[in-house]
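Notes follow the structure.
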Amino acid sequence: MEWFEGLSPVLQGLLATLFTWFITALGAALVFFFKKFDKRVLNSMLGFGAGVMLAASFWSLLSPAIELSEELGYSGFVIPAIGFFLGGAFLIFADKLMDTYSYGVVVDKNNENIPKAARYRKSILLVLAVTLHNIPEGLAVGVAFGGVAAGIPGTSIAASLALALGIGLQNFPEGAAVSLPLRGEGLSRTKSFLYGQASGLVEPIAGVIGVIAALSVRSLLPFLLSFSAGAMVAVVGAELLPEASIENKKLTTLGLILGFIVMMILDVALG
C-alpha cells in the first residue's frame with residue numbers, strides 16, 4: 001500500500017482504472033472457454049458490485065462533495081444536488097440515445113431470418129451501450145483519487161481502491177455479457193473477446209481525466225464528485241439490478257447487501 005500511496009494521483013487513477021479494464025477483459029475471456037456461463041455467479045457478482053457502488057456513491061463521493069461545498073462557503077446541498085441530478089440525467093439521456101439509434105433492430109433468439117448487417121449493428125450497439133456506462137465509472141474512480149490528493153475531507157486511498165474493486169467486480173460479468181452473446185451471434189471467439197474487452201478501455205481514459213479535473217479546479221470538485229455519484233446510482237438502478245434480478249433476485253439481493261456492507265466497513269474503518 002505504501003508504494004501505491006507514493007505514486008502521483010494521476011498514476012494512481014490510471015492504475016486503478018487499468019485494473020477495472022483488466023477485470024472486464026477477464027470476463028470477456030470466458031468466451032474462449034464457455035458458450036454460456038452460470039448466471040447465478042454472474043448475477044451475484046453484479047449484485048455485489050452494485051452494493052459497493054451504491055455505498056461508494058455516498059461515502060466516497062456524495063458525502064465528501066457536501067463537506068467540501070460547506071468548506072468552500074457554498075450551500076451544503078445545492079451544488080451536490082444539482083451534480084447528482086445531472087449525473088443521473090446523463091445516464092438516462094445516454095440510454096435514451098442508444099434506444100433511439102437501436103430502433104428497428106429486431107433479433108429473435110436463434111438469429112433466424114435476420115440480415116447479417118442487422119446482427120452486426122446490434123453487436124456494435126451492445127458494445128457502445130456498455131462502453132457508455134463505463135465512462136462515469138472511470139470518471140468516479142479518477143475523481144475519488146483526485147479528491148484524496150486535493151485533501152478533501154472524507155476521502156482516502158483505501159476507499160478509492162475499494163471503489164475501484166467494486167467497479168471491477170461488476171465489470172467481470174459485463175465483459176462476459178458482451179462477448180458471450182456476440183459469440184452466439186456467429187462472431188469468432190477472438191473478435192467476441194476483443195469487442196468485450198474494448199468496452200472497458202474507456203475507463204482508464206476517463207479515470208485520468210477525472211484525476212486531472214479534480215486537481216485542476218478545486219471549486220469544481222463538489223460538482224464532479226456528486227455528478228459521479230449520480231451517474232453511478234443511475235447505472236445501478238437502470239442497468240445492474242434490473243439485469244441481475246431477472247432470474248436470480250435472491251442471490252442478487254444478497255450480493256447487493258454484502259457489497260454495501262463491505263464498502264461501508266472499508267470506508268469507515270480505513271477512511
(request) Report, by residue number, each residue of the range 186-195 that is over 21 Å from the mean Cα position of the chain (by Cα), among the polar types (S, T, N, Q) and either crowded, with 22+ Cβ neighbours inside 10 Å or in a helix (DSSP H, G or I) (or both). (result) Thr190
(request) Inspect all residues belonging to the range 181-201 and state whether any of them is touching a Ser or Thr at 6+ places or on another chain (Cβ under 9 Å) and of a type in the set (Val, Ile, Thr). (result) no
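Of these, Leu241, Leu254, Leu180, Leu187, which one is at negative phi and at pLDDT 85 or above? Show your work before the answer.
On the way: Leu241 fails: at pLDDT 85 or above; Leu180 fails: at pLDDT 85 or above; Leu187 fails: at pLDDT 85 or above.
After applying the criteria, what remains is Leu254.
What are the residues in the range 223-263 that are within 16 Å of the chain's Cα centre (by Cα) and either among the acidic types (Asp, Glu) or outside any helix (DSSP H, G or I) (or both), if any? Can you show your working first?
Step one: list which residues in the range 223-263 are within 16 Å of the chain's Cα centre (by Cα), which gives 224-244, 256, 259-260, 263.
Across the range 223-263, the qualifying residues are Glu239, Glu243.
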(request) Output the number of residues of the range 196-222 satisfying the condition of being crowded, with 18+ Cβ neighbours inside 10 Å and outside any helix (DSSP H, G or I). (result) 2
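Across the range 167-185, which residue is surrounded by the fewest Cβ atoms within 10 Å (Cβ to Cβ) among those that are under 19 Å from Leu132 (Cβ atoms) and either among the hydrophobic types (A, V, I, L, M, F, W, C) or in contact with a Cys (Cβ under 9 Å, 6 or more places away or on another chain) (or both)? Spell out the reasoning first.
From the range 167-185, those under 19 Å from Leu132 (Cβ atoms) are 167-168, 170-179, 181-182; that's our starting set.
From the residues that got through so far, the ones that are either among the hydrophobic types (A, V, I, L, M, F, W, C) or in contact with a Cys (Cβ under 9 Å, 6 or more places away or on another chain) (or both) too are 167, 172, 176-178, 182.
Details: Ile167: 29, Phe172: 24, Ala176: 25, Ala177: 22, Val178: 28, Leu182: 27.
Ranking the candidates gives Ala177 first.
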(message) Just to be sure I understand, how many residues within the range 139-151 are surrounded by 24 or more Cβ atoms within 10 Å (Cβ to Cβ) and at positive phi?
(response) 0
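Regarding the range 1-8, can at least one residue be identified that is over 19 Å from Ile152 (Cβ atoms) and in contact (Cβ under 8 Å) with a residue 40 or more places away in the chain? Explain how you work it out, then say what you get.
The initial filter retains those residues of the range 1-8 that are over 19 Å from Ile152 (Cβ atoms), namely 1-3, 6.
Filter once more, keeping what is in contact (Cβ under 8 Å) with a residue 40 or more places away in the chain: 1.
The answer is yes; a qualifying residue exists.
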(message) Quick check on my filter: what residues within the range 152-166 are surrounded by fewer than 22 Cβ atoms within 10 Å (Cβ to Cβ), small (Gly, Ala, Ser) and part of a helix (DSSP H, G or I)?
(response) Ala158
(message) Between a residue in the range 41-67 that is among the polar types (S, T, N, Q) and any residue that is in a helix (DSSP H, G or I) and crowded, with 24+ Cβ neighbours inside 10 Å, which pairs come within a Cβ distance under 6 Å, given they are 6 or more apart or on different chains?
(response) Asn43/Ala244; Asn43/Thr252; Ser44/Gly255; Ser57/Ala229; Ser57/Met232; Ser60/Ala144; Ser60/Ala159; Ser60/Leu163
(request) Could you pull out the residue among Glu203, Glu247 that is of a type in the set (Asp, Glu), within 22 Å of Ala56 (Cα to Cα) and in contact (Cβ under 8 Å) with a residue 12 or more places away in the chain? (result) Glu203
(message) Can you list residue pairs whose Cβ atoms sit under 6 Å apart, with the first residue in the range 126-151 being more than 15 Å from Val217 (Cβ to Cβ) and the second being assigned to a loop (DSSP other than H, G, I, E, B) and of a type in the set (Val, Ile, Thr)? Count only pairs 6 or more apart in sequence or on different chains.
(response) Val148/Thr155
(message) Within the range 68-82, take every residue that is in a loop (DSSP other than H, G, I, E, B) and without any contact (Cβ under 8 Å) to a residue 12 or more places away in the chain and give me the one that is farthest from the chain's Cα centre (by Cα).
(response) Gly73
(message) Which numbered condition in (1) over 17 Å from Ser199 (Cβ atoms); (2) surrounded by 23 or more Cβ atoms within 10 Å (Cβ to Cβ); (3) more than 21 Å from the chain's Cα centre (by Cα) is the only one that Gln12 fails?
(response) (3)
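In the set Ala56, Ala65, Ala117, which member is part of a helix (DSSP H, G or I), modelled with pLDDT under 80 and closer than 26 Å to Pro153 by Cα? Show your work before the answer.
Working: Ala65 fails: modelled with pLDDT under 80; Ala117 fails: closer than 26 Å to Pro153 by Cα.
The unique qualifying residue is Ala56.
The values are calculated or read from the model by the stated rules, or taken from the named source; none is laboratory data. These figures come from a predicted structure and were not determined experimentally. Cβ atoms come from the backbone with ideal geometry, glycine included; neighbour counts cover every protein chain shown.
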